[in-house]
Structures are given as structure tokens and as C-alpha cells.
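Below: one structure, written as C-alpha cells.
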Protein chains: 2
Amino acid sequence: MFEKELELIEKKDYTQLLSVIRDMNPVDIANLLSELPENKQLPVFRMLPKDIAAEVFVEMETEMQELLIRIFTDAELHSYLEELYVDDAVDIIEEMPANVVRRILRLCDPHTREQINQILRYPKDSAGSIMTTEFVGLRADMTVFEAFARIRKIGIDKETIYTCFVTDSNLHLVGVVTVKEMILAGKDIVIGDIMHKHVVFVKTTDDKEEAAMCFDKYDFMAIPVVDQENRLVGIVTYDDAIDVLQEENTEDIMKMAAITPEDDSYLRTPVWKHAKSRILWLMLLMISSTFTGMILTHYEAAFVSLPVLVSFVPMLMGTGGNCGSQSATMVIRGLALDEIENRDFLKVLFKEFRIALMVGSALAIVNTVRIMLMPEGTLALATVLGISIIATAVLAKSLGCCLPMLARKLKLDPAIMASPLITTIVDACSVLLYFSIAVAILKI
Amino acid sequence: MFEKELELIEKKDYTQLLSVIRDMNPVDIANLLSELPENKQLPVFRMLPKDIAAEVFVEMETEMQELLIRIFTDAELHSYLEELYVDDAVDIIEEMPANVVRRILRLCDPHTREQINQILRYPKDSAGSIMTTEFVGLRADMTVFEAFARIRKIGIDKETIYTCFVTDSNLHLVGVVTVKEMILAGKDIVIGDIMHKHVVFVKTTDDKEEAAMCFDKYDFMAIPVVDQENRLVGIVTYDDAIDVLQEENTEDIMKMAAITPEDDSYLRTPVWKHAKSRILWLMLLMISSTFTGMILTHYEAAFVSLPVLVSFVPMLMGTGGNCGSQSATMVIRGLALDEIENRDFLKVLFKEFRIALMVGSALAIVNTVRIMLMPEGTLALATVLGISIIATAVLAKSLGCCLPMLARKLKLDPAIMASPLITTIVDACSVLLYFSIAVAILKI
């Protein structure tokens, strides 16, 4: 996709190159740099104006950032650090080895270092850890004219100027006002008269997912973050919220497939790390599926005398697993999107029960037809399977909705109660049910 | 959560109530209204100032919107419609029955009606269908002062004023400039000198997910949408992009759990609709699991002579299913986030192969120990299972990555190639492998 740019680099026409790339989006410039041969990366990067270079730097892959930081002179690194937003600097620092972190912190100016350290102190998944301390703070008695003067003075270093937060002399949040409202109000209006006094905020210690979900709910551009004394200490912006939402979705999806979530992208994660994040659940589930095996062994006499019984085990286990994972998935997603609350438990259970009866009956009917068409098919066998399928569906769907809701109640992540775990439990129960019904009805 | 407000309604203290709620976020007011008894909803809604009422109306559940529209007088409905952004109006119209839609369109002013109809004409999942036609368009030869005058004049009706798009006389997009850049530049600067000329845009016919992914990649606030002649016809804003991302995530998660995605939330979807969206896959998977049953029947002689073989079937099937769904999930998510491309196919396959060898070997070792501890355990049996487990893991992980990538190549949704389908195929193959290895090694 960068043919033209790569050609200019080949031809060493750097003047033309600079005029082309300086107008590109920083994300694209970072991608272009990553496609260059290593000996061209630094020269091209150094051609960029300082402010653009800093934006490009933020968008690079961690490996390339580390490589460049190690090559930069102290003066160079210092000048780029000056251009970074505090939350971007924190994101970079979090991925770097300790010696690089020390060098970065040493080269920051003292005020920035203080802000970075403050954010680094918040727990990993807290709202505090993703906020930036750079926001536009206004006073309620300012006029719009004064507010714009302030924005013009301090705005260049602020991540967003469009949502401004109004505080009192104790730094308590008293209102919020947007640049749109100020532009439309006119310059002599007092901020206190146009600001919104009901402000939705999060605390530094709240989960970052909670902060991100506010953006899904309210369409904010930025949300204020207050400390334990209710003082405004930072803001979270919509672009960070989008990242958190995508991350949390990925994490939920991984957990639901019995994978311990990894931060890095698929291709960049080494093989042993992939194996590590998958083996734990595989091992647990393998060991627990031994129970199903033991139940089968218990009914050895039954299936030796009527071997056709064994041939329905995969179908029953499969159906149970699929029914359970459908319900678990619906409920886990509903909980994640706040569409389902703890208090809806009985409503959900009753709903899943009725769905299970419906789909179970449909499956049982089709299965009966199939068995009656088999040479060894009998009505008794069809009855055994019909009852087993319906019972399995009811059991699977009830467990599938109960376990995630129980997890939420116990303040665990519902996503870990997903398909593989439920499948394993349902497997054991459905095989037990099936053979006890078979023994009772077929008298074997 | 609305104790105070509900108490004021109880006491009929509407003056106090209005002063409390008019400062609340429209999303919260909509939630409050939905908790009121039906005979209070309309009176409280009618108390709200027109502009706030319109914002609240947008945030309501579809049922309540429909209920209110049916009660509104023509004059009332017209006045609310005037306040709505075009894309919000379209969202509402898309959920309404035909007779309500006709009434809404009749009561819109002609210009708005034309814009609504234009958006409604775009295909359901296209970028055109989620865009709004209300944006601030500027000319390159305007000064910042003139630009702000224009924003002040037309801005109140625009969904976002912060990103302004610069077009030439043919409405072709030539640049983009933010309000922040204009504020910081000063009033005499010409827009053409500060605008960015490389503009990332989408076409009206592009998939809406593609438009939304641009926000994940570039941190935009708005992205321009152009028609087939490259004329600027609308913009998509970050809040709509967040909704699309969440929707697409939900859809992917549903598909991966063998559920046909439904638009509505879990609790509002009726039982029969839930059953309908689940039965198709359950039926297909039940029927296809018959193959595994047939394979078992084929090896009847083997397991009747050595019944302990049957007891390992659930473990093998479970492990195969879990291995396969782990790989499928990783690859599907990687594809969805653009972290994996079609050209990475061999890289991914080789990676999964090595992961499979690692986890397969670990599982086989643990399983060997377990078998040797069993009274009927023999080294031959342990060997049969060891080989079967490793082979199953390799097969499951290879299929788990190949099928979603194949789907992408064929322009199908990779998510439908997820766990349940792969599990069913892996089940049949692993049972076949297991029994053929058992027959060969144990000579039964």
C-alpha cells in the first residue's frame, strides 16, 4: 500500500518523501516505517518534524519503540517525550524493560515525571491507569471569552479541549461544558450559566471497563476521573475507551474459549506463550472429563449387552455441549453489556427452561424419526433417547445460565464459566442420565 | 437509583422535579421515564423543554418510542422531529411499523425527509446506513474567523462541529481540520494552510464494520463518507462507531456459539425467537454427530472385547473440541481485529502446529501417568492414547485455524466456522483415529 513512498525512499528523494508523508495520518506513517528496511527506519523517522514524530512514535509497535529509544540520544529522547501526552507516555513505559523505563523517567521534566508516576501507581485495570492528567479545567465564574483564552494558552498540550471540566477552589468537580456550547453561547456568557451540573464521573479505583461502558451508554467524548476525596485528577477520552472495549471483548472471547488472555496480538505472541495460555484449561478439562469416562465404565455391562447405546453418546454429548454454550454465551454477553442484572436471575432461568423444552422437543422428534428408520431401531430406544435429549437440553441450558450469573454474584468474571467448563459438567450428567434411563426402560 | 425523583413525582412536586431532571443526562432521564407507571410517563415527558425532550426520546427503548409516537399530536411529533439529528431519526424509523414510519415521514419538513430517505436507501450494513448527513463543510479559502462564523450559524444542528470537512466546488473532499487546530491557529489563518490534505474516508457502500474499525485504528472523532463519484455525502461519528463495534462483537460471539444473531437484547427477545435462533445449528450439529456414532458402531467388536476403550472417548472428544475451539477463537478474533491477514495463512498454520505438538505432548504425558496408575492400565493402552491425544490436538488446531481463514478467503464470515462446527468434525476424526490406532497396536 505504500508503493509511492517506498519508491521515493529507493530513489533517495527525501524532499519529495517528506512532503508526502508529513501530511499522512501518524498511524499510517508508523505502518510505513515498519515496512522499511532497518537501516532506513531511523533516518526517515528523524526527518519528521518533532510534533509529528512524537505522534508517529506513539503509534508504533512496542519492539520498534524500544529499538528507537535505545538508539536515540538523550537530547532526542527528551525532545520527543516533551511532545507526548502523559497517558501515551504511560502506555509506552508499561511495555518497556526496567532499564529503558529508568532512562525515560530520568529524561522527563519533573512535572511530567510526577504525573507519569501518579498514573503508574494505580492498579492495572483501574480507571486511574488509563486516564490522562492533561485536561482543560475551568472555573464557573469565567466568561466564555476567558475560557477560550485559557484553552488557547494551555490547549495545545491537552488531549481533548472539547469537553472542559469546571471545578471549585478545592478541585471538586462542579460542572461540565463543551466547546460547542461555548461557541454557540457567545463570548460574554458566564460558564456557570451554561455548564451541566449533573456530571457523570468515575473514581480512579473503578474498573477501567466500567469507565469504558459509560462511553457506550452516554456517547461522551471524555469522562472525568476523581480521587477518593472527590477531587478531579484526570479524564478518560473516547479513543482510550474504544481500546478498552475492544480489549475487554477480546478477553471475554478468549476466556469463553478456555484460553488465559494474553495482551499481545496473535502473531507477535511466541509459540510457547500461546501453549502456556491454553494448556491450563485443557489439562483441567481433560482430567475432569475422566468422570464421564468413569460413568461410562460403570455402565459397561449395559453397553456390552446393547452396543448400539454407545453410538448415541457423541450425539448426546455434542447436543448438551452446544445447548449449554449457547445459553452461557447469551447470558455472559448480556451481563457484559449490562442488559442482564443479578435481579433478573429467575426471569433468565425460566426463559432458558422454556427455550430448552422447545429446542429439546424439536431435537427429540427428529431423532425419533431417525431411530425408527434404523434397522435396529425400536420405540423403546427412541423413547430413551427422546427423554435423554430433552433432559440434557434442560440441564445444559439451566447450568449455562446459572453458572455465569452465580459467578457475577460472587464477583468473579462470568466469562470463565463458559462453554468448555459447562460442557464438561453437562457431558458427565447427560451420560449418567442417558444410561440410567436406558437401564430403567430397556431393563438391561 | 431514582428514589429522589420518584418521590417528587409521588408528591406531585413537578416544579422541583423539573429543576432536578432537566440537568440530568438524557440517557438517565430516559431510564427514569421507563421506571415510571404508564400514566406518568407522558406528563413527565411533556414537561421537558423541547430540545431536551428530543434527546431523551432518542435514548428510549423502541417500545416506549412507539407508544409515545402513537399518543403525540401531529404538532408535537413535528416539533420533536425538528430537533432530531438525521441519523437518530433514521435509527428510530428503522424500528417502527410501516404506518408509524409513514406518519413520521409525512410530518418531517421536506429537506429532512429527503435526507432520511437517502440514508434509508443504503444497504443495511453499509457505512451509508449509519452516517449522518449533518456535518460542517468548509472551503479551503475561508479564514478561521469565517469558519467560526459558519459554525456558529449552522453548528447547532450538526452532530459534531469539532471535525470540519473541506470540500471544493464539486463537493469533492480536499481536507479536514479540527476546531482545536483552528482555535490554536488564530482567526486570520486561512483554512487551506492548516487543513490535512490526506483524508482517510469510507465509501457509502463499504461495510459499516470497516468504517467502525477506522476509529479503532486512527482515534478519529468523525470519518467522512463519500459516494461513488467521490462527493462528500455524510460523516460517521465516534459514538455510532462504538455502537457498531459492540454490535459486531456481540454478533461474532453469538455466531461462535452456534447462535443466529438477534438484534434485540436478551430479555426483550421472546422465547420462541430465542429457540428459533438456536435450533438451526443444534439440529445440523446433532445430525452431523451421527457420523461419530456410526464410526463407534463400526468399531463395536473392538470395544465389546475391550470395554475400557469406550471410557476414553469423552476425554478425547472433549480435548479435541477444546483444542479446536481455542485455535478457531484466536484466529477469528485476530481476523476481526485485522491482526491476521490472508497472507499469514502458512505462518498461522505452522504456529498452531507447534502449539498443538506442545500441548498435545503435555496432555499425553499426564494421561500416560494416569493410565499407568489404573489397575487395568498397560503401556500399550497408554501408547494408543498418547498417540491419539497428540494426533487429535494437531488435527483440531489445524482445522481450527484453517477453516476460519478459508471462510475469510471465500468472503464468508469466519465466525461461523467456530467451535461447534469444528468440534463436530474433530469428534468424528478423533474417534476414527483412536480406534484405528487401538486396533493396530492392541491387535483386537
Legend entry - Per-residue ³J(HN,Hα) for region A:375-387, Karplus 6.51 cos²θ - 1.76 cosθ + 1.60, θ = phi - 60°, Hz, x for Gly and Pro: x, 8, x, 10, 5, 4, 4, 4, 5, 3, 6, x, 4
Inset, instruction - Mind putting together the pair-distance distribution for region A:1-64? All Cα pairs, 5 Å bins, whole percent per bin, short to long. - result: 4, 18, 36, 28, 12, 2
Inset, instruction - Determine the calculated [θ] at 222 nm for chain A from helices alone, applying -39500 (n - 2.57) to every DSSP H run no shorter than 4 residues and normalising by the residue count; nearest 500 deg cm²/dmol. - result: -21000 deg cm²/dmol
Legend entry - Euclidean distance of C-alpha centroids, region B:149-216 and region B:352-426, integer Å: 52
Inset, instruction - Using only alpha carbons, build the gyration tensor for region B:313-444 and give me the equivalent ellipsoid semi-axes, biggest first, whole Å. - result: 31, 14, 11
Inset, instruction - Between the label point of B:PRO37 and that of the same position in each other copy, find the distances and list them shortest first in nm, with every label point placed 7 Å from Cα along the Cα-to-C-beta direction. - result: 8.1
Legend entry - FRET efficiency, A:MET374 to A:ASP338 (Cβ-Cβ, R0 56 Å, nearest 0.05): 0.70
Inset, instruction - For the protein assembly as shown, state the semi-axes of the equivalent ellipsoid (square roots of 5 times the eigenvalues of the alpha-carbon gyration tensor), sorted largest first and rounded to whole angstrom. - result: 54, 35, 25
Legend entry - Per-residue average of Cβ from other chains inside 10 Å of B:275-281: 5
Inset, instruction - Amide H neighbours of B:GLY234 under 5 Å, at least 5 residues apart or on other chains, H built in the peptide plane: list them. - result: B:VAL225
Inset, instruction - Return the Rg/Rh value of region B:85-184, two decimal places, where both radii are evaluated on C-alpha atoms and Rh is the Kirkwood radius. - result: 1.05
Legend entry - Neighbour net charge for B:LEU6 - beta-carbon separation under 14 angstrom, K R +1, D E -1: -3
Inset, instruction - Quick one: of A:LYS217/B:LYS276; B:LYS12/B:LYS153; A:LYS40/B:LYS409; B:LYS276/B:LYS409, which pairs are farther than 31 Å apart, Cα to Cα? - result: B:LYS12/B:LYS153; A:LYS40/B:LYS409
Legend entry - Those residues of region A:83-112 whose amide nitrogen sits under 20 Å from the label point placed on A:ASP264, 7 Å along Cα→Cβ: A:91-101
Inset, instruction - Using the Karplus curve 6.51 cos²θ - 1.76 cosθ + 1.60 with θ = phi - 60°, work out ³J(HN,Hα) for each residue of region A:284-296 in order, rounded to whole Hz, and write x for Gly and Pro. - result: 4, 6, 5, 5, 6, 6, 4, 4, 4, x, 5, 5, 4
Inset, instruction - Write down Rg/Rh for chain B, rounded to two decimals, with Rg from the C-alpha atoms and Rh from the Kirkwood relation over Cα pairs. - result: 1.12
Legend entry - For region A:47-56, 3J(HN,Hα) per residue [Karplus equation, 6.51 cos²θ - 1.76 cosθ + 1.60, θ = phi - 60°, Hz, x = Gly/Pro]: 5, 5, x, 3, 5, 5, 4, 5, 5, 5
Inset, instruction - Return the long-range amide H neighbours of A:GLY175 (sequence gap of 5 or more, or a different chain), with a cut-off of under 5 Å between placed amide H atoms. - result: A:VAL166
Legend entry - Label-point gap, in nm, between B:LYS411 and A:ALA98 - each point 7 angstrom along Cα→Cβ: 5.5
Inset, instruction - For B:LEU346, place a label point 7 Å out from Cα along the Cα→Cβ vector, do the same in each other copy, and report the separations in nm, one decimal, smallest first. - result: 6.2
Inset, instruction - Can you check what the net charge comes to around A:PRO49, using other residues whose Cβ is under 13 Å from the Cβ of A:PRO49 (Lys, Arg +1; Asp, Glu -1)? - result: -1
Legend entry - region B:284-298 versus region A:246-313: alpha-carbon centroid distance in Å: 20
Legend entry - Value of Rg to Rh for region A:137-181 (Rh from inverse mean 1/r over Cα pairs, i.e. Kirkwood): 0.93
Legend entry - Placed amide H near A:MET142: partners under 5 Å, 5+ positions off or other chain: A:ILE191, A:GLY192
Legend entry - Average beta carbon contacts from partner chains per residue of B:203-213, 10 Å cutoff: 0
Legend entry - Farthest toward positive dipole pole in region B:266-341 [+1 Lys/Arg, -1 Asp/Glu at C-beta], among B:PRO314, B:PHE303, B:TRP281: B:TRP281
Inset, instruction - Please work out the ratio of the alpha-carbon Rg of region A:1-119 to 2.2 N^0.38 Å and round it to two decimals. - result: 1.09
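Taken together, the values in this text are just the output of simple stated rules run on the coordinates, not laboratory data. What you see is a predicted model; the values in this text were computed from it and never measured. Backbone-built Cβ (ideal geometry, glycine too); neighbour counts: all protein chains shown.
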